[in-house]
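Step one of this worksheet: look at the structure below.
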Amino acid sequence: MSEKKLFLRDATGLLRAWSLYDSFVYSALSINVVSLGWYAFSDGAFIPGGNQITATVISGFFIFFEILTYCLLIATMPRAGGDYVWQSRVLSGAVGFILSFTGYVFILWLWGPIYGVIVSILLFAPIAAVFGNVSAALWWSSSNGVFASSILTIVIVSVIISLGMKRYARFQKWCFHIGMVGLIVTYVILAASSQPGFQSAFNSWTGQIFGASGDSYTAMQTLATGGGLTGLAGLTDWNVSASLGLIPFISFFNLYPVWGATLYGEVRGSNDLKRNLKALTASLVFTTILAVLGFVLFAHAFGWNFWNSANYVYWGTVYAYNPSTPALPFPIFPSPGLFAGILTNNLFVEVFLLLTLSCWYWGWSGTLFITSTRVMFAASFDRIFPAKFADVNERLHSPINAIIAMAVPTAIFSYLYAYVSFAGTAFSTFTLDAVLVIAVMYLGTAITAAVLPYRRKELYEGSPIAGFKVGGVPLITIAGVITAFYMAWLTYEWASNSVYGVNNTYSVIMMLVMYAIAVVLYFGFKAYRKKQGFDMAKIYAQIPVE
Amino acid sequence: MPRVFFATDVHGSDICWKKFVAAADFYNAKVIILGGDMTGKALIPIIAEKDGTYTVDFQDNRLVLNKPDEVSKLEKKITNRGYYPLPVERKLLDELGPEKLPDWSNETFGKLMLERIKSWMNYADQKLKNSGIECYVCPGNDDQFSIDEIIHESESVSNAEGKVVQIGGAYEMASSGWSTPTPWKTFRECVEDELAKKIANMTDRLSNPQKSVFNLHDPPISSGLDEAPDLTEDLDLKGGGRITKAVGSTAVRQAIEKSQPMLGLHGHIHESKGVVKIGRTTCINPGSVYEEGTLLGAVVDLEDGKVKRYYLSAG
């Protein structure tokens with residue numbers, strides 16, 4: 001019997017520990033290198049001189065402080081509802097509601113079609129292509145295909161969540177393991193191949209599937225150059241200043257290792273700082289290594305210039321379609337998984353890779369609605385959101401109303417994303433709005449962490465992190481300030497540079513409408529509850545004790 | 001219209017008890033009810049070493065203290081988090097050795113728990129005596145039986161266990177802190193049938209069940225107020241704690257479904273904070289985060305035999 005155990009008694013809830021590995025898996029899927037990474041990395045060619053490895057490593061360094069900030073907050077206040085609860089208890093109810101509802105609820109409506117695009121380009125379109133069905137492959141990449149895959153995603157995610165966390169957690173772990181098998185096989189194939197070998201395989205495959213003639217490999221690079229690709233940095237041109245411009249793209253992939261924070265209040269022992277820090281940092285390091293290894297292997301097997309050219313040409317046709325552009329020899333998303341399959345010239349391997357790699361997507365897909373429902377619960381308990389949204393259907397053990405509140409608007413956003421343009425600006429170009437609004441919420445949480453020792457002194461002094469100081473300054477304040485700086489810088493970059501597709505009038509209007517809805521909801525409910533006789537100020541207030 | 005404040009599972013936290021007592025004034029509640037599990041879970045030895053320093057293992061950190069005022073500050077912190085600080089000399093621990101230490105530890109634990117409850121009752125008597133505030137507690141499954149006697153001696157706190165009491169001069173309340181068996185084999189556990197009998201003994205005495213309050217520590221099964229992390233045989237969490245299962249009581253649920261009281265007050269599962277309707281009954285588990293020194297609670301206004309309004313507080 002350990003000395004520690006000697007001084008415990010058998011009381012409800014005393015557990016051994018919770019699995020570090022499970023926490024790692026959830027976090028690694030939240031910043032998963034296949035679904036989010038390959039999509040984000042395909043924008044690398046749009047920042048002249050930017051180096052993907054430099055940008056990934058620098059952003060990873062700052063994300064570590066985000067992880068540290070969240071782990072310290074979880075250790076101090078492990079509550080379901082995460083950001084909403086922390087911000088509302090430390091800053092104000094209005095800030096907590098407005099930032100968290102936009103960051104975890106409203107902006108997830110836009111994430112729905114983004115999830116749809118990802119599954120379309122990483123699975124549906126390439127699967128159709130390897131079976132030689134070109135029209136289906138092109139259809140999945142079209143507006144109709146994106147809308148269909150978005151609706152499919154909404155349905156699948158709703159069903160997955162309705163199955164309950166028990167089944168979902170198992171499903172997720174299996175997805176991670178199968179996805180890892182797919183990724184390892186992909187990387188092994190790439191490591192064992194050569195660039196001339198890929199060129200030959202690619203030319204042969206595009207001829208066979210898309211009817212392209214001649215050297216498609218070179219033709220793609222010529223098309224990219226003709227389309228404006230310039231200043232592409234080599235794999236080892238570390239250029240730090242130019243690479244900073246890539247970070248707002250890379251953030252699409254690695255900004256959210258703490259996505260599970262809203263769930264942590266449900267986990268006993270979840271406030272274990274060291275375990276959380278180990279698990280989340282491990283997931284960040286692991287994912288960053290996978291990403292960097294990927295860059296090296298893509299350059300080795302496909303050729304760095306080719307891979308970036310293929311990405312550049314693909315997004316050029318999606319976002320700036322010109323009817324006079326000649327038919328592309330490779331008209332679908334240049335997924336590294338598909339390219340690895342092409343290298344083997346074996347249909348079975350191609351299908352195996354696409355299906356196993358898609359597990360990264362399926363394991364991650366549930367994150368679309370789960371966190372949103374937890375934030376709705378927390379706000380409902382505070383009576384600032386209708387209690388109906390905290391109802392759990394007894395038969396299905398599932399928050400049906402909260403799921404509907406996510407699914408219906410997400411379907412509407414999917415339609416807008418697939419079909420609507422505002423004065424020539426496609427709604428789909430607002431993709432990085434989805435990251436910006438989350439970064440603004442994280443900014444609010446980082447500020448919350450920085451001021452927590454001063455605004456909630458008693459809570460801080462009684463917490464396990466009270467002793468952690470650097471030069472007399474609380475560690476949580478230092479971590480919060482660094483994280484806040486990073487989030488503010490990202491927001492500034494998105495707002496000031498048009499390459500990210502965020503700082504146009506319609507994008508800004510869309511985001512402002514979301515914040516306005518949150519403001520109206522918060523103050524509307526507050527007034528309504530006041531009329532009902534509630535003293536809302538007391539919901540967040542501390543009971544004074546002599 | 002009586003306003004009721006309900007909190008639960010404070011597990012020895014001194015600051016939470018003081019907040020509970022102060023809640024009556026803060027929330028303008030006429031009746032305050034503590035649902036159960038009043039006692040803490042761990043002793044924290046503050047070991048006086050031979051070199052004059054004090055070593056403490058607390059919150060996953062080993063602390064070395066040099067001055068007595070640092071020790072008294074830490075004692076307060078430990079007490080507010082619900083644990084029992086235990087000043088002890090290294091020499092004594094060495095003398096007890098691994099054979100005698102477990103018995104000594106158990107005995108000390110029991111003594112400190114009773115001392116804490118006694119100090120709480122004194123505090124409540126100072127603050128609530130002649131205030132007109134009704135204060136009820138109901139020891140929960142984690143509370144040893146000997147605390148009942150100490151509560152009984154209080155002039156301002158009533159032990160509601162197994163009783164039907166009048167609250168707010170208007171409504172009846174039936175209370176029990178017993179739970180169905182847990183993996184920890186705690187003090188007040190019984191099988192479903194036995195719990196059903198305990199509840200029936202009270203509900204049979206209610207003059208108007210539909211206008212009553214059920215203060216039952218164990219939440220109704222499959223209500224969403226009883227979702228606890230699923231465990232392995234070694235009491236490890238399955239799926240990183242994200243896999244939960246309903247661990248409430250069937251007997252409690254059946255009693256609520258049959259009697260349809262206006263209000264059900266529950267606790268036991270700290271992380272399963274929520275409000276649900278079972279038929280016409282509003283069932284509330286305010287949850288507990290006692291280790292933070294924050295008192296989670298429910299403020300409920302009762303009117304005309306109904307729950308007029310409620311909100312969950314974090315004070």
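The values are calculated or read from the model by the stated rules, or taken from the named source; none is laboratory data. Keep in mind that what you see is a predicted model, and the values were worked out from it rather than measured. Glycine gets a Cβ as well: all are built from the backbone with ideal geometry, and neighbour counts include every protein chain shown. Just the protein is used for accessible areas: all its heavy atoms, side chains included, with ligands, DNA and RNA removed. Shrake-Rupley method; radii C 1.70, N 1.55, O 1.52, S 1.80 Å.
Mind checking whether some residue in segment B:154-176 is assigned to a helix (DSSP H, G or I), in contact (Cβ under 8 Å) with a residue 40 or more places away in the chain and either under 15 Å from the mean Cα position of the chain (by Cα) or farther than 20 Å from B:ALA7 by Cα (or both)? Scanning segment B:154-176 turns up no residue that is assigned to a helix (DSSP H, G or I), in contact (Cβ under 8 Å) with a residue 40 or more places away in the chain and either under 15 Å from the mean Cα position of the chain (by Cα) or farther than 20 Å from B:ALA7 by Cα (or both).
When segment B:230-283 is filtered for residues that are at pLDDT 95 or above and in a helix (DSSP H, G or I), the ones remaining, listed by number, are B:THR250, B:ALA251, B:VAL252, B:ARG253, B:GLN254, B:ALA255, B:ILE256, B:GLU257, B:LYS258, B:SER259. Residues of segment B:5-38 that are within 8 Å of another protein chain (Cβ to nearest Cβ) and open to solvent by less than 10 Å² (accessible area, probe 1.4 Å): B:HIS11, B:LYS19, B:ALA23, B:TYR27, B:ASP37.
Condition check ((1) part of a strand (DSSP E or B); (2) polar (S, T, N, Q); (3) touching a Pro at 6+ places or on another chain (Cβ under 7 Å); (4) open to solvent by 90 Å² or more (accessible area, probe 1.4 Å)) across all residues:
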{"site": "B:ILE47", "(1), (2), (3), (4)": "yes, no, no, no"}
{"site": "B:SER72", "(1), (2), (3), (4)": "no, yes, no, no"}
{"site": "B:LEU93", "(1), (2), (3), (4)": "no, no, no, no"}
{"site": "B:ASN106", "(1), (2), (3), (4)": "no, yes, no, yes"}
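None of A:LEU223, A:LEU284, A:LEU273 is modelled with pLDDT of 95 or more and touching a Phe, Trp or Tyr at 6+ places or on another chain (Cβ under 9 Å) except A:LEU284.
For segment A:176-197, the criterion of being surrounded by fewer than 18 Cβ atoms within 10 Å (Cβ to Cβ) and touching a Pro at 6+ places or on another chain (Cβ under 9 Å) is met by none of the residues. Note on segment B:214-229: among residues that are outside any loop (DSSP other than H, G, I, E, B) and more than 7 Å from chain A (Cβ to nearest Cβ), the one that is surrounded by the fewest Cβ atoms within 10 Å (Cβ to Cβ) is B:ALA228.
Residue pairs whose Cβ atoms lie under 6 Å apart, separated by 6 or more positions or on different chains, with the first residue in segment B:295-306 and in the same structural domain as B:ALA29 (by TED's automatic domain parsing) and the second open to solvent by 10 Å² or more (accessible area, probe 1.4 Å) and charged (D, E, K, R), are B:ASP301/B:ARG3; B:ASP301/B:LYS308; B:ASP301/B:ARG309; B:GLY305/B:LYS211. Figure legend. Inter-residue proximity from segment B:54-68: first residues facing chain A (nearest Cβ under 8 Å) and without any contact (Cβ under 8 Å) to a residue 60 or more places away in the chain, second residues charged (D, E, K, R) and open to solvent by 50 Å² or more (accessible area, probe 1.4 Å), beta-carbon distance below 7 Å, spacing 6+ or different chains. Indicated pairs: B:ASP57/A:LYS4; B:ASP60/A:LYS274. For segment A:524-546, check the following and say yes or no: at least one residue is open to solvent by 60 Å² or more (accessible area, probe 1.4 Å), away from chain B (no Cβ under 13 Å) and among the aromatic types (Phe, Trp, Tyr). No, segment A:524-546 contains no residue that is open to solvent by 60 Å² or more (accessible area, probe 1.4 Å), away from chain B (no Cβ under 13 Å) and among the aromatic types (Phe, Trp, Tyr). Looking across segment A:367-422, just one residue is among the polar types (S, T, N, Q), open to solvent by 50 Å² or more (accessible area, probe 1.4 Å) and closer than 20 Å to A:PHE525 by Cβ, and that is A:ASN401. Checked against (1) part of a strand (DSSP E or B); (2) on the phi > 0 side of the Ramachandran plot, B:ILE32 meets all criteria but (2). Every test in (1) under 26 Å from B:VAL252 (Cβ atoms); (2) open to solvent by less than 20 Å² (accessible area, probe 1.4 Å); (3) in a helix (DSSP H, G or I) is passed by B:ASP148 save one, and that test is (2). Within segment A:422-432, at least one residue is away from every other protein chain (no Cβ under 12 Å), modelled with pLDDT of 85 or more and outside any helix (DSSP H, G or I). Of the residues in segment B:252-264, none is hydrophobic (A, V, I, L, M, F, W, C), out of contact with any strand residue (DSSP E or B) (no Cβ under 8 Å at 6 or more places or on another chain) and more than 30 Å from A:THR367 (Cβ to Cβ). Restricting attention to segment A:218-255 and to residues that are hydroxyl-bearing (Ser, Thr, Tyr) and open to solvent by less than 10 Å² (accessible area, probe 1.4 Å), the residue that is farthest from A:LEU297 (Cα to Cα) turns out to be A:SER251.
This table checks each residue for (1) within 23 Å of A:GLU350 (Cβ to Cβ); (2) touching a residue at least 40 places away in the same chain (Cβ under 8 Å).
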{"residue": "A:GLU66", "(1), (2)": "no, yes"}
{"residue": "A:TYR70", "(1), (2)": "no, yes"}
{"residue": "A:ARG79", "(1), (2)": "no, yes"}
{"residue": "A:TRP86", "(1), (2)": "no, yes"}
{"residue": "A:PHE106", "(1), (2)": "no, yes"}
{"residue": "A:LEU110", "(1), (2)": "no, yes"}
{"residue": "A:ILE114", "(1), (2)": "no, yes"}
{"residue": "A:PRO126", "(1), (2)": "yes, yes"}
{"residue": "A:SER135", "(1), (2)": "yes, no"}
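Comparison of A:VAL451, A:VAL502 shows that the only residue that is part of a loop (DSSP other than H, G, I, E, B), of a type in the set (Val, Ile, Thr) and surrounded by 14 or more Cβ atoms within 10 Å (Cβ to Cβ) is A:VAL502.
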